[in-house]
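For reference, the structure discussed in these notes is given below.
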Amino acid sequence: MISYNFYNPTKLVFGENTIEKIGELLSNVGSKKVLMIAGSGSIKKNNVYDITINSLRKNGIEWRECWGVRANPSLAKVREAIAIAKKEKVDAVLAVGGGSVIDTTKIVAAGVYADDIWQVFERKEKIKKALPIFTILTLSATASEMNCSAVISNDEENKKWGTGSPLLYPVASIIQPDVQNTLPWNQTVNGALDAMAHIMEYYFIGTNEETSIAVNEALLKTIIKSVEGLKVDAKDTISRANLAWAITLGLNGISGAGLKGGDWACHDMSHSISCMYPQIAHGGALGVIFPAWMKYVCDSNPQQFKRFAKNVLLTDDIESGIYELKQLLKSWNAATSLRELGVKEEDLRKLAEMTVSRGNIGKLSVLRLADVEKILEFAF
Ligand code: NZQ
Ligand code: ZN
């Protein structure tokens, strides 16, 4: 048995017509002026923006806006938003979008109080203070709406790195699943793949932590079932809702309880890929890397890989488990190779070097440069 703490202070407001509660949630903490941060405009097409600002107006909250957060968000945009937050003296920040918008908003909240926020990612400084963070989620994938992490790309230095602090938990997050009906199919799938990777990065390190292992199997099965439901009807709100909650639970602390901090090797590889190729979605890269990693490391914990094959994919052995997983992802139209994602073969070595630039990765099996290169070759 290993010891662990579970802590999650985020208030989660889930369900129909919940976005209109944002003004009230901000008022509850005494906010008078908020910086709203958003992406490239999807929230204007699905009415989320209008509902949000109507609610702010109704509750007498002033707001400023910062648009243009890209997928795999950049440090440059973070700095731009910090400057607005400081100039306008806002007392809270509000993310309206997916994980990229939420991560940017979290780092803006802390960046207002830091001399150079990148130093936190370099592990040379700690986050000491942050503005209260609020989020309206429009894409279930990262669970950033209910965790204390953020991942940002420093384009100048070729680094896509994460950071975390208890000060980065959102005060409150809203999930109104029906606003995800406007997601293109590939974004729904990328979100599911990201969450499956979060869960599996804990799961495969498991041995006898039965509660967490069984919860994780239930989450994986729910994600698969919900995506299958959405494949038949993209506007099936019940599947959307079940998918959204399973994804949030995938990385809000619940799925990792007792599971030794997880093995994040696949995430480390995926971050290098999206850093070198910002057009490649985080979840898309994970969907390709994960089966290759499984093949490479499964001998380190064969019982657990066998259990996954049996309980999640209803097949007999490790090899057929990996095969069935690949077939499933293929049936969702997910990419099945790095080549298909647009990665060039001559970049594999550089990607491997980027991945281990801060040291070897992984926990179930510690991976050095040559191992990472091999996995990338498997995935190519
Ligand atoms: O920019 P807009 O116009 O809003 O469009 C977005 C974006 O193009 C679109 N979208 C979002 N909601 C939509 C919608 N389109 C139609 N209808 C809607 N309802 O989707 C596109 C992708 O959005 P993005 O936020 O980039 O996706 P995701 O949520 O997958 O976030 C990925 C980022 O989060 C990081 C990833 O590395 C990546 O940078 N992660 C953050 C984590 C965390 N904070 O805990 C953990 C994860 O492992 C991950 O690393
Ligand atoms: Zn992820």
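Of 201, 228, which residue is among the acidic types (Asp, Glu), within 19 Å of residue 329 (Cα to Cα) and in contact with a Cys (Cβ under 9 Å, 6 or more places away or on another chain)?
Details: 228 fails: in contact with a Cys (Cβ under 9 Å, 6 or more places away or on another chain).
After applying the criteria, what remains is 201.
Does residue 142 satisfy the condition of being modelled with pLDDT of 95 or more, touching a strand residue (DSSP E or B) at 6+ places or on another chain (Cβ under 6 Å) and hydroxyl-bearing (Ser, Thr, Tyr)? When the stated conditions are applied, residue 142 does not pass them.
Does any residue of the range 45-61 turn out to be more than 10 Å from ligand 1 (Cβ to nearest atom), surrounded by fewer than 16 Cβ atoms within 10 Å (Cβ to Cβ) and within 28 Å of residue 277 (Cα to Cα)? Among the residues of the range 45-61, not one is more than 10 Å from ligand 1 (Cβ to nearest atom), surrounded by fewer than 16 Cβ atoms within 10 Å (Cβ to Cβ) and within 28 Å of residue 277 (Cα to Cα), which makes the answer no.
Being assigned by TED's automatic domain parsing to the domain that holds residue 215 and within 21 Å of the chain's Cα centre (by Cα) is true for just one of 341, 313. Which residue is that? Write out each step before concluding.
Details: 313 fails: within 21 Å of the chain's Cα centre (by Cα).
That would be 341, the only listed residue that is assigned by TED's automatic domain parsing to the domain that holds residue 215 and within 21 Å of the chain's Cα centre (by Cα).
Among all positions in the range 306-319, there is no residue which is at pLDDT below 95, within 13 Å of ligand 1 (Cβ to nearest atom) and surrounded by fewer than 20 Cβ atoms within 10 Å (Cβ to Cβ). A single member of 219, 183, 137, 168 is modelled with pLDDT of 95 or more and more than 9 Å from ligand 1 (Cβ to nearest atom), and it is 219.
Scan the range 310-320 and tell me whether some residue there is within 16 Å of ligand 2 (Cβ to nearest atom) and not basic (Lys, Arg). No.
Only one of the listed residues (93, 120, 112) is surrounded by fewer than 24 Cβ atoms within 10 Å (Cβ to Cβ) and either of a type in the set (D, E, K, R) or in contact with a strand residue (DSSP E or B) (Cβ under 8 Å, 6 or more places away or on another chain) (or both). That residue is 120.
Evaluate the following for residue 158: is it at pLDDT below 95, at positive phi and either out of contact with any strand residue (DSSP E or B) (no Cβ under 8 Å at 6 or more places or on another chain) or assigned by TED's automatic domain parsing to the domain that holds residue 29 (or both)? Before the answer, list the steps.
On the way: at pLDDT below 95: yes; at positive phi: yes; either out of contact with any strand residue (DSSP E or B) (no Cβ under 8 Å at 6 or more places or on another chain) or assigned by TED's automatic domain parsing to the domain that holds residue 29 (or both): yes.
Yes: the conditions hold for residue 158.
Determine whether the range 40-50 contains at least one residue that is farther than 17 Å from residue 175 by Cβ, away from ligand 2 (no atom under 16 Å from the Cβ) and not in a helix (DSSP H, G or I). Checking the range 40-50: at least one residue is farther than 17 Å from residue 175 by Cβ, away from ligand 2 (no atom under 16 Å from the Cβ) and not in a helix (DSSP H, G or I). Exactly one residue out of 194, 263 is part of a helix (DSSP H, G or I) and buried (at least 22 other Cβ atoms within 10 Å of the Cβ): that is 194. Any residue at all in the range 203-213 that's under 21 Å from residue 282 (Cα atoms) and either in a helix (DSSP H, G or I) or hydrophobic (A, V, I, L, M, F, W, C) (or both)? Among the residues of the range 203-213, at least one is under 21 Å from residue 282 (Cα atoms) and either in a helix (DSSP H, G or I) or hydrophobic (A, V, I, L, M, F, W, C) (or both), which makes the answer yes.
The values are calculated or read from the model by the stated rules, or taken from the named source; none is laboratory data. This is a predicted model, so every value here is computed, not measured. We place every Cβ from the backbone using ideal geometry, glycine too, and count neighbours over all the protein chains shown.
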